[in-house]
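One structure is given below, encoded as structure tokens.
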Amino acid sequence: MAERTLIRGGYVLSMDPAVGDLPVGDVLVEDGRIAAVAASIAAEDVEVIDATDRIVLPGFVDTHRHTWQAPWRNIASDWSLFHYFWGMHTGLSKYYRPEDTYNGNLLGTVEALSSGITTLLDWSHNLKTSDHTDGAIAGLRDSGARTIFAHGGGAPQWAVVPQNAVPHPADDVRRVREQYFNSDDGLMTMAFAMRGPQLTVDAVSLHDFALARELDLDITIHAGDGDLGKGRPTEWMLEHGLLNERITYVHCCSLADDELKMIADSGGKASVAADVELQMGHGWPATGRLLAVGIRPSLSVDVCTSTGGSMFGLMRTALGTQRGLDNAALEATGGTLANGEPIPLTARDMLEFATIEGARACGLEDRIGSLTPGKDADLIMIRTDVLEMSPLNNPLGALVYNAHPGLVDTILVAGRVVKRDGAMTGVDVARVRALGERTRDHVLAQARTDDLIGDIALGGTWTPRNPAHAHGHGHGHAHA
Ligand SMILES: [Zn+2]
């Protein structure tokens, strides 16, 4: 007997043009897959989930998050990209034990899942030892979310020196591929999180690309992140025959237009992390410039040390920023909105970026990203019986501009209910929070004894300094 669930009477946004929007619709889930989407489905022997006053849509996909940092939520909300490198990356990261990597990944992924992100690409770059790697993978597994573990090395590869020459840890990435991911069909899959050529020497970059090819892994790579992206890394990749359709380029803010065209011509994909890019100085989010060359981007949270971890805030920021840029460009050329032409970027675009385009960036578009019969049943239900969603005149606009994680009522991952009536069902949230605090407290105690870090404090008062200029405790100012 098949296991069947009927989600009944919701406002269904399928994000599949062939299925469309259904102001009142049902979704039938059978053995973990979407069996049917229609205005009304007659089915017996099913478990019914009432979706009255709920928007039903595919789960969100976050295509790039450094999940291990979750215990440091908002510590970096007033930091630049360089403060972050000094404070988080080569500062706090070194005190992580394998259990801390586990705790961070568990907290970060459960938080993301609870907010409606059913698929998370963990851009995992604090893997000091193989035990840390195992901890990272276990944290993802225990969350109940669909995840892509993107192996990104650790502090040796990420120490901020011009042209870091330490190659990607080949033994560990080979071991993980064989031990955990010898199939690409599971709820967890694997990718290669690579430094861009702007961050290493040519020989190491070529080594890393060869390693990803050897292991048959998709690549996710930072490119165009502020000053670090201005050395035309994409052109270098083109010249070395390294551009292809299995690469997702994160940020793209400071890549030139012709570099974006090179990515488009190669079939590459993009990830816009609008909140972090605006805050940390990566440059303007590249949404509009990517669209101009034919790339529909995905979205990513990046570091919840700085910004919020949900797709709602991210969609709002990405849409507002691009609209502001478009309006400014129009004004600069003497144009006007007085002719009544529609504005080019819409709330529906943002929801597509957050769902189906995210699935594409993760190479999972055949399995997730829309409510399409045959795909895995990753779906979320958002409450609309609250003041901020009433009356529901435009569910797309309401999701982008009014919704928030507190309204995410019910979540299915591959047909399995992981949140119901606003409560997570498969994990002990109190325990997950406690583990995050335990890691935060352990690392904090260690870091307080470290002269290179110095002056660390909670409460929003700590600004990391360049460790190259460290001279003992008592001076917390950053020297750029
Ligand atoms: Zn990143």
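The values are calculated or read from the model by the stated rules, or taken from the named source; none is laboratory data. Every value quoted in this text rests on a predicted model; they were computed, and no experiment measured them. For neighbour counting, all protein chains shown are included, and Cβ atoms are generated from backbone atoms with ideal geometry for every residue, glycine included. To get the accessible areas, we keep the full protein, side chains included, count just its heavy atoms, and leave off ligands, DNA and RNA. Shrake-Rupley method; radii C 1.70, N 1.55, O 1.52, S 1.80 Å.
Observations on the model:
- Convex hull projection area averaged over all views, the stretch 92-183, Cα basis, nm²: 6.3
- Over the stretch 26-77, volume per residue of the alpha carbon convex hull, in Å³: 173
- Å² per residue, accessible surface of the chain at 1.4 Å: 38
- Globularity ratio of the chain, using Cα Rg and 2.2 N^0.38 Å: 0.96
- Distance between modelled label sites at Ser40 and Ser266, nm, 7 Å Cα→Cβ extension: 5.3
- From the largest down, the stretch 384-463 spans 56, 29, 20 angstrom on the principal axes of its Cα atoms.
- For the stretch 387-430, diffusion coefficient by Stokes-Einstein and Kirkwood Rh (Cα), 37 °C, 0.692 mPa s, µm²/s: 275
- Helix axis angle, 130-143 relative to the chain longest principal axis, alpha carbon, degrees: 20
- Label point distance in nm, Trp284-Asp326, each placed 7 Å from Cα along Cα→Cβ: 1.3
- The chain, accessible surface, carbon-and-sulfur percent (1.4 angstrom probe): 51
- Each Cα pair under 8 Å and six or more residues apart adds its sequence gap; the mean of these over the residue count of the chain is a relative contact order of 19 percent.
- Rounded FRET efficiency, nearest 0.05, which uses the C-beta distance separating Leu452 from Ala18 and R0 of 51 Å: 0.35
- For Arg213 and Thr463, the FRET efficiency from 1/(1 + (r/R0)^6), where r spans their Cβ atoms and R0 equals 45 Å, is about 0.65.
- Fully extending the segment from His404 to Arg420, taken as 0.36 nm per residue of separation minus the present Cα-Cα distance, adds 4.1 nm.
- Extension gain, Asp202 back to Asp257 (0.36 nm per residue minus Cα-Cα distance, nm): 17.5 nm
- Backbone N within the stretch 386-407 under 16 Å of label point (7 Å from Thr346 Cα along the Cβ vector): 393-401
- Tilt relative to the chain, helix 98-114 - C-alpha long axis, 0 to 90 degrees, to 10: 30
- For the stretch 29-180: rounded, prolate or oblate by the Cα gyration tensor [a/c cutoff 1.5]: prolate
- Debye log10 I(q)/I(0) for the stretch 154-239, one point scatterer per Cα, at q = 0.10, 0.13, 0.23 Å⁻¹: -0.27, -0.45, -1.16
- Rounded if a/c under 1.5, otherwise prolate or oblate - the stretch 186-316, Cα gyration tensor axes: prolate
- Toward the positive end of the charge dipole of the chain, with +1 on the Cβ of Lys and Arg and -1 on the Cβ of Asp and Glu, the farthest Cα among Ile368, Val61, Gln157 is that of Gln157.
- Its DSSP H runs of at least 4 residues, each contributing -39,500 (n - 2.57), put the calculated 222 nm mean residue ellipticity of the chain at -9500 deg cm²/dmol, to the nearest 500.
- For the stretch 119-200, the relative contact order works out to 35 percent when only alpha carbon pairs closer than 8 Å and six or more residues apart are counted.
- In plain terms, if you count all Cα to Cα distances in the stretch 246-372 and split them into 10 Å steps from zero, the share in each step is 13, 42, 35, 10, 1 percent.
- Degrees, to the nearest 10: 202-214 long Cα axis against longest axis of the chain: 40
- When you restrict to C-alpha pairs under 8 Å that are six or more residues apart and normalise by the size of the stretch 272-392, the relative contact order lands at 20 percent.
- Extension gain for Ala338 to Thr52 (0.36 nm times residue separation, less C-alpha to C-alpha distance): 99.0 nm.
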